[in-house]
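A short worksheet on the structure shown next.
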Amino acid sequence: MITLEHLEKRYGDTYAVRDLNLAFPDASITALLGPSGCGKTTTLRMINRLIEPSGGKVLLDGQDAAALRPEALRRGIGYVIQQIGLFPHLSVAQNVATVPDLLGRDRARTNARVDELLDLVGLDPRTFRDKRPGELSGGQAQRVGVARALAADPPVLLMDEPFGALDPIARDEVQERFLGIQATLKKTVVIVSHDIDEALRMGDYVALMRAGSLEQFGTPDDLVRRP
Ligand code: ADP
Ligand code: ADP
């Protein structure tokens with residue numbers, strides 16, 4: 001579904017990403033793992049065109065992402081980032097409805113969907129709908145971020161260090177909850193992480209990056225068996 005072909009991003013004469021070739025398996029979680037600065041975020045943001053590649057291609061269902069309209073990307077790709085994700089002046093419900101609203105979806109249907117999604121991520125809509133992000137714990141806010149990314153029911157979910165800002169207990173909880181959701185929804189998920197334990201726990205597959213390129217790709221078992 002998501003295929004990277006000779007993908008490249010250059011800043012001046014340095015490469016953030018260099019000749020990256022990778023196919024993310026459908027309906028699975030792939031952890032994009034590697035040390036800070038190896039090009040993970042740049043790669044993720046080239047998939048949804050927040051960053052323009054300097055070379056190579058991103059293919060989504062065989063179609064060149066460069067040819068897709070921004071609305072198609074917003075509809076097709078949910079995006080979760082560490083912390084800042086939520087708009088502080090909007091309620092939880094309005095935050096979750098961001099993308100459907102941008103797409104001009106029917107209000108009543110969106111409202112019903114928002115409640116479903118809050119239930120899904122384990123937040124009672126009656127309690128949380130009208131709260132502001134400032135009133136939420138880190139774990140609750142990150143769940144709202146996940147609900148928002150799922151709002152337009154995109155087949156693809158890109159997550160950039162989604163659990164990185166949470167304390168260990170909240171992180172465990174949100175990770176477990178997310179694995180439960182994924183077991184039902186079966187999205188094609190890419191989770192950026194620099195934490196090997198998190199990658200092994202969350203990933204059906206792990207793509208190990210180094211210096212802008214792919215070093216290894218395999219299941220967690222493949223990865224820990226190799227030296
Ligand atoms: P990671 O997500 O793995 O920590 P990034 O994708 O953020 O790595 O960055 C990869 C490399 O590209 C780093 O060396 C970083 O300094 C560089 N880089 C990222 N964004 C820019 C930018 N806007 N301008 C210049 N260099 C950048
Ligand atoms: P702003 O430009 O005002 O900061 P963003 O571009 O961050 O707004 O968009 C707000 C939200 O919309 C994001 O946090 C994300 O959930 C969603 N979004 C934005 N761009 C994309 C994209 N390319 N693909 C999927 N979702 C997106």
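The values are calculated or read from the model by the stated rules, or taken from the named source; none is laboratory data. Model, not experiment: these values are computed from the prediction. So basically every Cβ, Gly included, is an ideal-geometry build from the backbone, and we count neighbours across all protein chains shown. Please note that ligands, DNA and RNA were not included when accessible areas were found on the heavy atoms of the full protein model with its side chains. Shrake-Rupley method; radii C 1.70, N 1.55, O 1.52, S 1.80 Å.
With a simple spin-label model that places each label point 7 Å from the Cα along the Cα-to-Cβ direction, the separation between residue 201 and residue 101 comes to 3.3 nm. Computed as a quarter of the hull surface, the mean projected area of the alpha carbon convex hull for the chain stands at 12.5 nm².
Can you give the angle from 0 to 90° between the axis of helix 107-120 and the longest principal axis of the chain, with both taken from C-alpha atoms, to the nearest 10? Roughly 70 degrees between the two axes. For the range 154-167, 3J(HN,Hα) computed residue by residue from phi via the Karplus equation (6.51, -1.76, 1.60; θ = phi - 60°) reads x, x, 10, 10, 9, 10, 9, 6, x, 10, x, 8, 8, 6 Hz, glycine and proline entered as x. Comparing 188, 208, 99 along the charge dipole axis of the range 79-227, the residue lying farthest to the positive side is 99, per the Cβ-charge model. 3J(HN,Hα) along the range 68-77: 7, 6, x, 5, 5, 5, 5, 6, x, 10 Hz, from the Karplus curve 6.51 cos²θ - 1.76 cosθ + 1.60 with θ = phi - 60°, whole Hz, x for Gly and Pro.
Note on exposure: 9, 131, 186, 57 ranked by accessible area (1.4 Å probe, complete protein assembly) read 186, 57, 131, 9, with the most exposed listed first. Summarising the amide proton neighbourhood of residue 16: residues at separation of 5 or more, or on other chains, whose placed amide H is nearer than 5 Å comprise 9, 10, 11. In summary, the lysines within cross-link reach of residue 9, defined as a Cα separation below 20 angstrom excluding same-chain residues under 8 places away, comprise 40, 57. For the range 18-28, 3J(HN,Hα) computed residue by residue from phi via the Karplus equation (6.51, -1.76, 1.60; θ = phi - 60°) reads 9, 6, 8, 10, 6, 10, 8, x, 5, 6, 9 Hz, glycine and proline entered as x.
Starting with the highest mean, order 121-130, 43-52 by the number of other Cβ atoms within 10 Å, averaged over the residues of each peptide. Mind showing how you got there, number by number?
Numbers: 121-130: 16.0, 43-52: 19.1.
Descending mean neighbour count gives 43-52, 121-130.
Considering only 141, 67, 165, the mean-square fluctuation computed in a Gaussian network model of the chain, springs between alpha carbons under 10 angstrom, is largest for 67. Counting only DSSP beta bridges whose two residues both lie in the chain, roughly 50 percent are antiparallel.
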